[in-house]
Each structure stands twice: as structure tokens, then as C-alpha cells.
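The values are calculated or read from the model by the stated rules, or taken from the named source; none is laboratory data. These numbers were taken from a predicted model, which means no experiment stands behind them. For neighbour counting, all protein chains shown are included, and Cβ atoms are generated from backbone atoms with ideal geometry for every residue, glycine included.
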Amino acid sequence: MKSHFMASGTTMSTLLIMHTVGHLLRQWRQRRGLSQLDLAIAADVSARHVSLVETGRSRPSPDMILRLADQLHVPLRDRNRLLLAGGFAPRYPERPLDDTALSAALDAVRRVLRAHEPFPALVFDRRWNIVLTNRAVDPFFAQVAPDLLRPPVNLIRLGLDPRGLAPLVVNLADVRAVFRSRVSRQLAVAPDEELTALYEELLNPLPEDPTGQRVDADVVIPMILRIGGRELRLFSTITTFGTPTDITVDEIAIESYYPADAQSAAYFTR
């Protein structure tokens, strides 16, 4: 009798193959649009070896797994999964940002946030949950519904919810399009079930926007906020750590907002 939890036509051997390190590496290679030869050249190994690893006829060492993963730009969290699938212990820890071992990273993040004042800046994780903010962000949260500010505070939900910042955003369709494009690119790089669910809940095209407006990666669209009878125009930049060895540090980003005109700058520097 077939197990009830298996999808129709799925066998135990198929499930095992789907979780081998070779199968996972092939998924990442295809996700990056590379051929076996492309990956082999980048990793300085033979295309035959890549083929043997992907088909399970050669068991890669942990160093080889990480070598291939590095060329495929696999996030640290998923590198651990590759190692586990290959029968090896994970290499990358995941600690809270306030852990003693991450004190240097936390200090650097706080310095960036403080240095950016009086302009807003915040830190969010891979699922867009806000981790830290500077003081310039606080006034924008004053009229937000209390339940939206209960941890984890999600930046996308906060920005698009009618009880959040949405009533302040003049060009809400543009902001939604920016979120949609950024999350789409993020999911293309590293699929995530929770982030996919967030996308489907908040960023799927609306009935009045069936084409799902997107924003080109090279286009800078300011966010326009109406506060106290005046309009503030802000654009943002994203900062990440270059060579992290901890999953938490690998997955956080600092978003810094800048005034796009003199009037907006005056609002923050008065």
C-alpha cells in the first residue's frame, strides 16, 4: 500500500534522489542559467566531474561542495543544506545579531544607522522583517496600527497595509512595483516558502494592474510621502556585508533613505 503522504507517482527512490547533493547542485546550476561546462570552468574542475557529482556517481568532498556553491553564489543557509545532503556537518553558524560573536558586525551596523541620521535607515532580514532602525524612522511609525508593530515587523506589510504607511505614500503603485521587482529577483536567486507566501499575499498583481507593473533594476523611483501637508521625496540604497561567515549577517541588509530634493532635505535637517 502506498504511503498517503506521497504525491501521486512519487516513489521513495525519487524522493531520495531529489534530496541528494548532486540533485541540489544541479538545481542551483540551472537556476543560475549555467551549463555543466560553464560551472566546471568557473570552479576549475572538469565538466565530467561536475556531471558525475550531479548524477551521484561521484561523492564530492565538503570542500568541493563549497567550491561549486561559491561559483553558483549559493547563500550560506543553502550551503549548509548542500553539506547536510552530502553527509557532512554544516559549516556556517546562525546566531542572533546581538550574540557576542557578532559584536563587531552589530557595532558596524549601528554605526551606519547612526551616521545616516537625520535621514531614515533600517535593517531587515531575508524575509523583510525589520531588525533595527535609527531614530529618524520613529516618527513615521507614530500613526501605524499597534499590531503591525509587534515583532516581527515586516517592512513590506508595513509599507503596503492601509493601517500602516500606505496612507502616507502618494505613489503607492510605484512602491508596490519596486517591492514586487525586488522580491521577484530575490526569489529567483534563492527560493523561500515564507517569502513566496508574502509575495502572493501582498505583491501579486491587483485586478486594476493585471500586467503586474515591474520596475527595471537600473531605474531609481523616489518614494513620495505626504506628511504634515508637504510632500517628501526619498530614494534608497541597499548595503550588505561583503564576505560574511554567519548566516544572520549574510541575510541582513541596510536600507538607507536619502532626500531627493532640497525641500525633503530641509524637512529632516531643520
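Scanning region 40-79 for residues that are without any contact (Cβ under 8 Å) to a residue 24 or more places away in the chain, assigned to a loop (DSSP other than H, G, I, E, B) and basic (Lys, Arg) yields a single hit, Arg57.
On the given criteria, is Arg185 surrounded by 19 or more Cβ atoms within 10 Å (Cβ to Cβ) and either within 16 Å of the chain's Cα centre (by Cα) or under 30 Å from Val74 (Cβ atoms) (or both)?
Values: surrounded by 19 or more Cβ atoms within 10 Å (Cβ to Cβ): no; either within 16 Å of the chain's Cα centre (by Cα) or under 30 Å from Val74 (Cβ atoms) (or both): yes.
For Arg185, the condition - surrounded by 19 or more Cβ atoms within 10 Å (Cβ to Cβ) and either within 16 Å of the chain's Cα centre (by Cα) or under 30 Å from Val74 (Cβ atoms) (or both) - is not met.
Hey, does region 199-213 have a residue that's modelled with pLDDT of 95 or more, under 22 Å from Trp28 (Cβ atoms) and within 16 Å of the chain's Cα centre (by Cα)? Looking for residues that are modelled with pLDDT of 95 or more, under 22 Å from Trp28 (Cβ atoms) and within 16 Å of the chain's Cα centre (by Cα), one finds at least one in region 199-213, hence yes. Within region 83-110, residues that are in a helix (DSSP H, G or I) have Cβ atoms under 8 Å from residues that are basic (Lys, Arg) in these pairs: Leu83/Arg91; Ala101/Arg95; Leu102/Arg95, counting only partners at least 6 apart in sequence or on another chain. Between Val123, Val144, Val137, Val153, the distinction of being assigned by TED's automatic domain parsing to the domain that holds Glu201, of a type in the set (A, V, I, L, M) and touching a residue at least 60 places away in the same chain (Cβ under 8 Å) belongs to Val123 only. Tell me which residues, restricted to region 53-70, are out of contact with any Pro (no Cβ under 8 Å at 6 or more places or on another chain), under 23 Å from Arg91 (Cβ atoms) and either of a type outside the set (Gly, Ala, Ser) or not assigned by TED's automatic domain parsing to the domain that holds Gly22 (or both). Correct list: Glu54, Arg59, Pro60, Pro62, Asp63, Met64, Ile65, Leu66, Arg67, Asp70.
If you go through region 229-269 and keep only what is assigned to a loop (DSSP other than H, G, I, E, B), in contact (Cβ under 8 Å) with a residue 60 or more places away in the chain and not hydroxyl-bearing (Ser, Thr, Tyr), you end up with Phe241, Pro244, Asp246, Ile252.
The lone criterion from (1) within 30 Å of Leu82 (Cβ to Cβ); (2) part of a loop (DSSP other than H, G, I, E, B) left unmet by Leu195 is number (2).
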